[in-house]
Amino acid sequence: QVQFVESGGGLVQPGGSLRLSCQASKTIFSLFSLYTMGWYRQVPGKQRELVARITSGSTTNYADSVNGRFTISRDNAKNTVYLQMNSLKPEDTAVYYCNGYFQTEYWGQGTQVTVSS
């Protein structure tokens, strides 16, 4: 069974930084480099939205709301994708989900990020 496990969420003050990690399960280690990986977020009562995406060729794209503040990256040797979040704002508060797609789409269980003073 394919799994993506997120970590790194927590409580941070406005203006602070967090780095989220998402590691793939061993079942896809040999194929991880082929996956398009993304970070999405969701707040209660709203649709899940794309935050950032990185392709197998390391092309990236970002939501306008995070462009210039967040950076997505991947380490294929570690089967891990990262989301570096800087200059965090209260409106970044959400559950952040890791997503991987190669022929089939998989989701992680999510990690809570709370930006509050």
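The values are calculated or read from the model by the stated rules, or taken from the named source; none is laboratory data. Remember, predicted model here, so these are calculated numbers, not experimental data. Side chains included, ligands, DNA and RNA excluded: accessible areas come from the protein's heavy atoms. Shrake-Rupley method; radii C 1.70, N 1.55, O 1.52, S 1.80 Å.
Per 5 Å bin, what is the whole-percent P(r) computed from every C-alpha pair distance within the stretch 1-41?
5, 18, 25, 20, 14, 8, 7, 3
Heavy atoms only, probe 1.4 Å: what % of the accessible area of the chain goes to carbon and sulfur, would you let me know?
Values: 2840 of 6290 Å².
Carbon with sulfur: 45 percent of the solvent-accessible area.
Residues of the stretch 37-117: accessible area per residue at 1.4 Å, in Å²?
52
Largest first and in whole Å, give the semi-axes of the stretch 13-65's equivalent ellipsoid, each being the square root of 5 times a Cα gyration tensor eigenvalue.
Numbers: eigenvalues 115, 37, 35 Å².
Taking √(5λ) for each Cα gyration eigenvalue gives 24, 14, 13 Å.
Considering the Cα trace of the stretch 52-117, what is its radius of gyration and what is Dmax, both in angstroms?
According to the Cα coordinates of the stretch 52-117, Rg and Dmax are 12.8, 42 Å.
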